[in-house]
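Engineer: First the structure, then my questions, so here it is.
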Amino acid sequence: TLEDCSNYAMENNIQIKQYVLNTEYNENLLKQSKLGQIPNLNANSGYSYSWGRALDQTTYTFTDNQQIHSINLGVNSSMTLFNGLQTRNTILQNEVNLMASYQDVEKIQNDISLNLAAAYLQILFNRELLSVTENQLEITGQQVDRTRKMVDAGKLARGSLLEIQAQYASDELNVINAENQLALSYLNIQQILNLEFDPGFEVVLPELPDPGDSLMVISIDNVYEVAEQEMPEIQSASLAVLSSERSLDIA
């Protein structure tokens, strides 16, 4: 069903996966920028051992067969107190980029859904077209038989038979073309779903109710206003502008 195809595409389509990975990248980038505010702490240690002639640090004289052990320990920490609000603006910019990536995922999901619905409808159309061409081929075949009998009986010229036979050959070509178009439409929808091509793949013909008498009337201005508020690509573009403003603040 179309619903099955849509659910499968949301999980397996390559483009959707790419946008989801980009969102995860932005999530990690935001987390990294926030953790960058935490002071760092580093520690080191060292040990050395030597023997033989050496300088006694207490008397500042050389001694023989001296064994010296030394241990060095060190700890250091640093924290940025102020850097012109670059850290804060970087965090704000990463938050905006993350919100934009969420909108991008929603946009690509909408695009894939529309492409999937179009591919699904194309299959249904090509199935009906194939059925029509096959019926037309059957009718033309009956006309060929009828014309051949009339030519054999001397009621029609042989040219009439040749003409209808040419029409039958043209209808055969139409059937082959319709079969190819149907196969291509099946290939297209399986590519959207990121499936290996399966010649046994079939779609369900949906049962749709008869349309009601009431009509949904909406003005172009209302359509634009709703789209301006709801369409994720518009939200993503607005967030991209805000991200650029944050980038200017950082600079």
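Engineer: What number comes out for accessible area per residue over segment 71-205 if the probe is 1.4 Å? Units Å², please.
Structural biologist: Working: 8610 Å² over 135 residues.
Solvent-accessible surface per residue comes out at 64 Å².
Engineer: Select from segment 59-123 those chymotrypsin sites (Phe, Trp or Tyr not before Pro) which occupy a DSSP coil region and have at most 16 other Cβ atoms within 10 Å, ordered by residue number. It would help to have the intermediate numbers written out before the result.
Structural biologist: Numbers: sites: 60, 62, 82, 102, 120; in loops: 60, 82.
When the chymotrypsin sites (Phe, Trp or Tyr not before Pro) of segment 59-123 are filtered for loop state and at most 16 Cβ neighbours within 10 Å, 60, 82 remain.
Engineer: Can you work out ³J(HN,Hα) from phi for every residue in segment 60-67, in order, using Karplus 6.51 cos²θ - 1.76 cosθ + 1.60 and θ = phi - 60°, giving whole Hz and x for Gly and Pro?
Structural biologist: Going residue by residue, I get 6, 10, 7, 10, 9, 6, 8, 9 Hz, with x marking Gly and Pro.
Engineer: Roughly what would the spin-label model give for residue 191 and residue 2, points 7 Å off Cα along C-beta, in nm?
Structural biologist: Label at residue 191, label at residue 2, 2.2 nm between them.
Engineer: Continuing with this model, one more query. Between residue 165 and residue 224, what is the label-point separation in nm under the 7 Å Cα-to-beta-carbon projection?
Structural biologist: 6.3
Engineer: Collect residues whose amide H, placed 1.01 Å from N in the peptide plane, falls under 5 Å from the amide H of residue 66; neighbours closer than 5 in sequence don't count.
Structural biologist: The answer is 52, 53, 54.
Engineer: So, with a 1.4 angstrom probe, what is the percent of accessible area on segment 121-221 that is carbon and sulfur?
Structural biologist: Details: 4170 of 7550 Å².
On segment 121-221, the fraction of accessible area on carbon and sulfur atoms equals 55 percent.
Engineer: Taking amide hydrogens as modeled 1.01 Å from N in the peptide plane, which residues meet the under 5 Å criterion relative to residue 195, leaving out close sequence neighbours?
Structural biologist: Here the answer is none, since no amide H 5 or more places off falls under 5 Å of that of residue 195.
Engineer: Order of 108-114, 226-232 by packing, highest average Cβ count within 10 Å first? Walk me through the intermediate numbers first.
Structural biologist: Working: 108-114: 16.0, 226-232: 12.0.
Answer by packing, highest mean first, reads 108-114, 226-232.
Engineer: Follow-up. Going by average Cβ neighbours within 10 Å, how do the peptides 192-200, 7-15 rank, with the highest at the top? All intermediate terms of the calculation are to be shown ahead of the outcome.
Structural biologist: Values: 192-200: 12.3, 7-15: 14.7.
Order by mean packing, descending: 7-15, 192-200.
Engineer: Okay, next question. Which residue, 218, 156, 181, has the largest displacement toward the positive end of the dipole of the chain when charges sit on each Cβ (Lys, Arg +1; Asp, Glu -1)?
Structural biologist: 181
Engineer: Now for a separate question. Mind checking which lysines have their C-alpha under 16 Å from residue 17, skipping anything on the same chain fewer than 8 residues away?
Structural biologist: 107
Engineer: Computing the accessible area with a 1.4 Å probe over protein heavy atoms, can you report the carbon and sulfur percentage for segment 2-97?
Structural biologist: Values: 3900 of 7440 Å².
Using a 1.4 Å probe with all protein chains present, segment 2-97 comes out at 52 percent carbon and sulfur.
Engineer: For every helix of n ≥ 4 consecutive DSSP H residues, a contribution of -39,500 (n - 2.57) applies; sum these over the chain, divide by its total residues, and give [θ] at 222 nm rounded to the nearest 500 deg cm²/dmol.
Structural biologist: Working: 6 runs with 165 residues, N = 251.
The helix contribution divided over the chain gives -23500 deg cm²/dmol.
Engineer: Once a ≥ b ≥ c are taken as the square roots of the eigenvalues of the Cα gyration tensor of segment 1-98, is the result rounded (a/c under 1.5), prolate (a/b larger than b/c) or oblate (a/b not larger than b/c)? Before the final figure, lay out each step's value.
Structural biologist: Working: a/c = 8.41, a/b = 2.77, b/c = 3.04.
Oblate is the answer for segment 1-98, as a/c is 1.5 or above yet b/c matches or exceeds a/b.
The values are calculated or read from the model by the stated rules, or taken from the named source; none is laboratory data. Note that the structure is predicted; figures quoted are calculated from it, not measured. Every residue, glycine as well, gets a Cβ built from its backbone with ideal geometry; the counts of neighbours run over all protein chains shown. Just the protein is used for accessible areas: all its heavy atoms, side chains included, with ligands, DNA and RNA removed. Shrake-Rupley method; radii C 1.70, N 1.55, O 1.52, S 1.80 Å.
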